[in-house]
Every structure is written in structure tokens, then in C-alpha cells.
Amino acid sequence: MQWWHEAPGTEWGLILTHGAGSNGDAPLLKAIAEEFSKSGICVLRYDLPYREARRHGPPFPAQATRDREGIRRAAAEMRARGVSVIAGGHSYGGRQTTMAASEDPAMAEALLLLSYPLHPPRKPDQKRTAHFASLRTPAFFAHGSRDPFGSLDEMRSAIAVIPARTELMALEGAPHGLSPRSAADIAPKFRQFLAL
């Protein structure tokens, strides 16, 4: 499914997708979309292909390529509006977005990554960052200080290998899920990152 948040006359569009146990109608994504559209950025919230195929359950690792194709389709749909594209996602959606951008640097002008899942909880040796060294798109990470998928120090070390411009926004006390209330803090910080 898709949900549009229009912003007439905008020069930027944000495509925004969900984490592994969620969908595009998640409260966090709705709050982010509302904050960005209020500031003049058109937003498309959307379900990844695995969620379109079944309403519940996690994604299948063997079908992650299909999810990245879904991200590229959403980016192309936004690009067709004649705007610069920001590709964003929460957790699994953010991870697949970074992978899609590393495979196709022209897909988006910037990335918005919410609670990037650096590694599975309590398994810090299983990093999900092999593609970071080939990521050429400016990337903004918003990450909670209580996220079991990666500490803030681990995130700082991991994103240091990205050759593009990056920024890490620390959300003190926030868990992996993040609160919809954090949208009001994330949106203006991201606009500063893009110099909008």
C-alpha cells in the first residue's frame, strides 16, 4: 500500500518505508511524514514487497532483493514528480534502503535512516555494514541511545567508513522503535543536514 502526504510546489520528495515487523502505516512513519510535509517536502509512505505479499510476519532474507526493487520503484515514482529524492526507512527498511543506494547511487540524493539495525541484539560481531564502504549517498542516521541493535559508539564507528557525508543524531533514552514524538526533533535536524 501507499500513502501520500502532498506538499505543493516542493523541490524535494521523501520515500519512507518500515521495519521488519511493521508496515507503511506505522505511527512513527506517519509522524515523520506529517513533520516533513509541513515543512514543504512531499512524502510517500509505502509497504515493502514482502509486506504486500503477506500482512504479518518478518521478511524472508532470500527475498530481500525484491524489497530493494520495491524501494527503487518508489524512488522512481517520486522522481517522476520532478523532485530530488530522499530515501528513508526504519530499521529493516533503512537497511534495505542503504543497500539499494549502494547498488544504485543515482536512486536518491540523500538518505534518512531511523534506527539502523547495525547487528542483531546481543550479537555485535554480526555487523550488517558490508556495503557501507560503497555507499556514496549523503546519509543521516537518527538512533536511540537504548537501541539493542547497535550502541551510539558502534554506530559512530560503523558510519565512519561511509565515503559520503554522514551525520548521527543521538536520541537520548530512545529504544529501537523510537517514539512518534521524535519526529518533531528529527525533521528540522535533517533539514539542516540538507541545508534546506
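General observations
- Inspection of the range 143-165 finds no residue satisfying the criterion of being farther than 23 Å from residue 126 by Cα, acidic (Asp, Glu) and modelled with pLDDT of 95 or more.
- Qualifying positions in the range 170-196 - surrounded by fewer than 18 Cβ atoms within 10 Å (Cβ to Cβ) and either in contact with a helix residue (DSSP H, G or I) (Cβ under 7 Å, 6 or more places away or on another chain) or of a type in the set (Asp, Glu) (or both): 170, 172, 180, 184, 185
- Residue pairs whose Cβ atoms lie under 8 Å apart, separated by 6 or more positions or on different chains, with the first residue in the range 3-17 and within 18 Å of residue 69 (Cα to Cα) and the second surrounded by 20 or more Cβ atoms within 10 Å (Cβ to Cβ) and charged (D, E, K, R), are 16/45; 17/45; 17/47.
- The criterion of at least 2 residues that are under 12 Å from the mean Cα position of the chain (by Cα) and of a type in the set (Gly, Ala, Ser) is met by the following strands (runs of 3 or more DSSP E) wholly inside the range 5-122: 84-90.
- Verdict on residue 150 being in a loop (DSSP other than H, G, I, E, B), within 15 Å of the chain's Cα centre (by Cα) and of a type in the set (Gly, Ala, Ser): no
- Filter pass, residue 137 being closer than 23 Å to residue 28 by Cα, touching a helix residue (DSSP H, G or I) at 6+ places or on another chain (Cβ under 8 Å) and surrounded by 22 or more Cβ atoms within 10 Å (Cβ to Cβ): no
- Any chance residue 132 is crowded, with 17+ Cβ neighbours inside 10 Å, out of contact with any Leu (no Cβ under 9 Å at 6 or more places or on another chain) and at pLDDT 95 or above: yes
- Leading residue by the ranking (nearest to residue 137 (Cα to Cα)) among those in the range 75-93 that are small (Gly, Ala, Ser) and touching a residue at least 40 places away in the same chain (Cβ under 8 Å): 87
The values are calculated or read from the model by the stated rules, or taken from the named source; none is laboratory data. Treat the numbers as computed from the prediction; the structure is a model and nothing was measured. Methodologically, a virtual Cβ is constructed for each residue, glycine included, from the backbone with ideal geometry; neighbour enumeration extends over all protein chains shown.
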